[in-house]
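J.: Pasting a structure here, questions to come.
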Amino acid sequence: MLISQIEVYKFPVKLKKPFVISLGSFDYAENVIVVIRTDEGLTGFGECSPFMPINGESMETAYVVANYLAKALVGKNPLNIETCSELMDRTIYGNSSIKSAFDMALYDIASQHAGLPLYAFLGGKNNKTLVTDYTVSLGDPEQMVSDAKDIKDRGFKVIKVKLGDDPEKDIFRIKAIRSQIGNDIPLRLDANQGWNVDSAIRILNELANDNIQFCEEPIPRWNFMELATVRRQSPIMVMADESCCDHHDAKRLIDLQSCQAFNIKLGKSAGIFKAQKIIRLAEQSDIQLQIGGFLESRIGFTASAHLALTSDNIKFCDFDSPLMFSEDPVSGGIKYDKGGLVSLPEVPGLGARLDTEELEKLKGFVVR
């Protein structure tokens with residue numbers, strides 16, 4: 001089997017309301033779709049959501065780099081994913097987001113060829129319940145309290161809260177949310193690198209009794225050598241996110257005893273192939289895992305959900321972004337049920353795609 005054609009499309013989708021974190025505010029998911037077609041009639045879909053403050057890519061840069069990657073991969077065997085991954089890395093350094101879209105499409109083809117759902121192709125089993133949180137954007141404390149109450153009223157079992165712009169205000173935000181929704185629903189904190197070491201330690205100790213599951217990336221990624229200091233002095237579990245992109249980062253953080261958990265995102269790891277390497281390292285070192293993402297549609301998060309079924313160390317899911325979209329053009333893919341329950345399609349491959357009429361609405365190019 002050979003890759004006969006690759007199509008790349010810009011895929012911007014307006015959000016219902018701005019998504020705000022300490023690194024910026026976003027009105028659109030500015031994504032890229034990759035479609036890989038083979039000479040045996042199989043078609044694979046992949047998607048990425050470039051996030052400029054984190055992986056240094058935008059929809060525009062990913063669209064340009066995709067042309068280089070597509071030219072390198074046309075004519076190659078899509079079933080040899082390791083070779084294709086190495087070829088992409090030789091073609092251009094970094095650019096993990098757009099590489100993840102190609103990787104996802106390759107795995108879609110490979111698992112279809114094997115006649116297996118992607119999770120089964122990866123060695124997983126559909127034997128656990130996947131539940132996503134829902135995120136409260138960073139903002140005015142009163143609005144954040146209102147959003148948290150709404151999320152609780154919608155039946156979600158866990159709430160993620162974006163923090164990181166002001167230590168004192170962050171403590172107030174969580175206390176205010178707790179005063180209105182009670183202490184039963186777990187909260188997940190995400191500072192997106194917004195605190196310094198002293199502030200992080202103080203805030204996490206102040207919130208020790210507020211039923212916090214964990215805190216993602218409390219301090220700047222460049223200061224990863226001090227993350228272990230925060231971990232040792234925090235009563236709340238520390239999860240590495242921006243400082244843990246690929247398996248090399250994971251190994252470094254494990255060696256430094258920096259944290260108790262990693263947040264895996266395909267757009268950081270360059271896709272499933274390297275994400276599996278992070279998972280193996282985590283299993284060897286008793287590191288808990290969350291599978292998350294950026295602002296992908298249900299195409300990208302369907303791949304993430306398949307990956308979430310491949311290891312007992314994967315304890316947490318952060319799959320809420322598609323629920324923030326003003327429209328959903330995806331066919332197939334994961335479904336969301338009450339309480340944040342997520343279910344996967346039991347079909348060969350990824351099981352999510354954009355139909356031809358939807359692709360025709362998008363700006364794209366073809367490499368043969």
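J.: Among the residues of segment 18-26, are any in contact with a Pro (Cβ under 7 Å, 6 or more places away or on another chain), within 19 Å of residue 299 (Cβ to Cβ) and either in the same structural domain as residue 241 (by TED's automatic domain parsing) or crowded, with 24+ Cβ neighbours inside 10 Å (or both)?
T.: Looking through segment 18-26, none of the residues is in contact with a Pro (Cβ under 7 Å, 6 or more places away or on another chain), within 19 Å of residue 299 (Cβ to Cβ) and either in the same structural domain as residue 241 (by TED's automatic domain parsing) or crowded, with 24+ Cβ neighbours inside 10 Å (or both).
J.: Limited to segment 328-365, what total is found for residues that are in contact with a strand residue (DSSP E or B) (Cβ under 6 Å, 6 or more places away or on another chain), at positive phi and not in a helix (DSSP H, G or I)?
T.: So the answer is 3.
J.: Quick one: count up the residues across segment 197-236 that are assigned to a loop (DSSP other than H, G, I, E, B) and surrounded by fewer than 16 Cβ atoms within 10 Å (Cβ to Cβ).
T.: Number of matching residues: 4.
J.: Only one of these is within 14 Å of the chain's Cα centre (by Cα), at pLDDT 95 or above and surrounded by fewer than 23 Cβ atoms within 10 Å (Cβ to Cβ): 286, 320, 337. Name it.
T.: 320
J.: Out of the residues in segment 78-91 that are touching a helix residue (DSSP H, G or I) at 6+ places or on another chain (Cβ under 6 Å) and among the β-branched types (Val, Ile, Thr), which is surrounded by the fewest Cβ atoms within 10 Å (Cβ to Cβ)?
T.: 91
J.: Inside segment 161-189, can you point out the residues that are more than 10 Å from residue 148 (Cβ to Cβ), at pLDDT 95 or above, of a type in the set (D, E, K, R) and crowded, with 17+ Cβ neighbours inside 10 Å?
T.: Within segment 161-189, 162, 170, 188 meet the criteria.
J.: Given the residues 124, 139, 164, which is the only one that is touching a Leu at 6+ places or on another chain (Cβ under 8 Å), outside any helix (DSSP H, G or I) and farther than 30 Å from residue 346 by Cβ?
T.: 164
J.: Moving on to the next point. Could you list, in sequence order, the residues of segment 260-283 that are of a type in the set (A, V, I, L, M) and under 19 Å from residue 350 (Cβ atoms)?
T.: Those that are of a type in the set (A, V, I, L, M) and under 19 Å from residue 350 (Cβ atoms): 264, 266, 270, 272, 275, 279.
The values are calculated or read from the model by the stated rules, or taken from the named source; none is laboratory data. Worth saying up front: this structure is predicted, and the values here are computed from it rather than measured. Backbone-built Cβ (ideal geometry, glycine too); neighbour counts: all protein chains shown.
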